[in-house]
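Since every read-out is calculated from the coordinates, none of them should be taken as a lab result. Everything numeric in this text was worked out from a predicted model, so none of it was measured. So basically every Cβ, Gly included, is an ideal-geometry build from the backbone, and we count neighbours across all protein chains shown.
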Amino acid sequence: MNSGCRVAQPPIGGLPAKFTLENEHLVIQSDIKLSRNHELIRDLDQLREQILSTLDLPVQKQPVVVYLFADETRYANYLQARYPRLPPRRAYFVGTSRELAVYTYWGDRIQEDLRHEFTHGVLHATLKDVPLWLDEGLAEYFEVASQPQGMNREYAMNLAAEIATGWKPNLDRLESLESVDQMYKPEYQESWAWVHFLLQHNEDSHAVLTNYLRELRTTSQPGPLSTRLREVIPVADRRFLNHAGSLTDGVVRVGRIEEK
């Protein structure tokens, strides 16, 4: 996902303001006129309900503000002027004490980009903080609108190929990452796979994640999730490899990894 998050500075002028749509949980300021019943708006409303239901989170109090530029050039010029150190990306989430903002432009992957960054917004509207790997893993999980839920077929195929050549997961390394600049496609991919495992492996793994998120409602430092996961599922890494290797029936097939 060519997106980013976590820039702790407030926005400035030059933002889209020609059209505004808002409800209790979402504000869209846009260069483009959208109807209240536009499919993108309906999709974000449905996504918010899906996130809250799947993760057992309370209804958010702070709305997410989406700044939707008409084209890539205007968007890129704004980002370059306001955040010159940021690498070029299609969309960014910026969370501050004043505003939870998504910046993006009208392009071919607008739905995917909005879903990813809006997920960041919903999480940060309900939690004190979110570890970087988990923040991105959840955004990757919810960005894909197609069924089955949370499936990224490209990532699944990549992981199957890598597991077949001896790749091993490293959740502890993911937990050590502190800046989005440290995350590249392999990190997004593994973060997505861990979230998929936690939510869909079994009731125990699902509970580990939802209980962890429940703590994040009241504290920004609940400790590493990996410790809790291995307490509940001591062979979590092997279970993860089995889970990740079974996500696709592509040309690369991965044999079952025995737990010992």
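Past the 32 angstrom mark, what percentage of all C-alpha to C-alpha distances in the chain do you count? Could you put the intermediate results ahead of the total?
Numbers: 7651 of 33670 pairs.
Above the 32 Å cut-off, the chain has 23 percent of its Cα pairs.
Once you sort the root eigenvalues of the Cα gyration tensor of the range 168-223 as a ≥ b ≥ c, which label holds: rounded (a/c under 1.5), prolate (a/b larger than b/c) or oblate (the other case)?
On the way: a/c = 2.41, a/b = 1.23, b/c = 1.97.
Taking the square roots of the gyration eigenvalues as a ≥ b ≥ c, the range 168-223 is oblate.
Between the range 48-80 and the range 199-236, how many Å separate their Cα centres?
26
Fewest to most neighbouring Cβ within 10 Å: what's the order for GLU140, GLU117?
On the way: GLU140 24, GLU117 27.
Listed from fewest to most nearby Cβ atoms, that is GLU140, GLU117.
Quick one: putting +1 on the C-beta of Lys and Arg, -1 on the C-beta of Asp and Glu, what dipole do you get for the range 69-153 around its Cα centre, in Debye to the nearest 20? Write out the running numbers ahead of the final one.
On the way: 10 positive and 12 negative charges, 43 e Å.
Magnitude of the dipole: close to 200 debye.
Among LEU47, VAL235, ILE110, whose Cα lies farthest out toward the positive end of the dipole of the chain, if unit charges sit on the beta carbon of Lys, Arg (+1) and Asp, Glu (-1)?
Positive-most Cα among the choices belongs to ILE110.
So between TRP167 and ALA145, what do we pick up on full extension, going 0.36 nm a residue minus the alpha carbon distance?
Details: separation 22, 0.36 × 22 = 7.92 nm, distance 2.83 nm.
That pair, TRP167 and ALA145, stretches by 5.1 nm at full extension.
Please report, in debye to the nearest 20, how large the charge dipole of the chain is about its Cα centre when each Lys and Arg carries +1 at its beta carbon and each Asp and Glu carries -1 there. Could you put the intermediate results ahead of the total?
Values: 29 positive and 36 negative charges, 63 e Å.
Using Cβ point charges on Lys, Arg, Asp and Glu, the chain gives about 300 debye.
Please compute the length gained on full extension between GLN46 and ASP181, using 0.36 nm multiplied by the number of residues separating them and subtracting their Cα-Cα distance. Each step should come with its number before you reach the end.
Values: separation 135, 0.36 × 135 = 48.60 nm, distance 3.04 nm.
Taking 0.36 nm per residue and subtracting the Cα distance, the gain is 45.6 nm.
Grab the alpha carbons of the range 3-126, take their convex hull, and tell me the volume per residue in Å³.
Working: hull volume 12.1 nm³, N = 124.
Hull volume normalised by residue count: 97 Å³.
When the chain is treated as a GNM, springs tying every alpha-carbon pair under 10 Å, which of VAL66, VAL130, VAL195 comes out with the largest mean-square fluctuation?
VAL130
List the DSSP H helices in the chain whose Cα atoms stretch 27 Å or more along the helix axis and whose mean Kyte-Doolittle hydropathy is at least -1.0. Kindly include the intermediate steps, with their values, before the conclusion.
Numbers: long enough: none.
Passing helices, by number: none.
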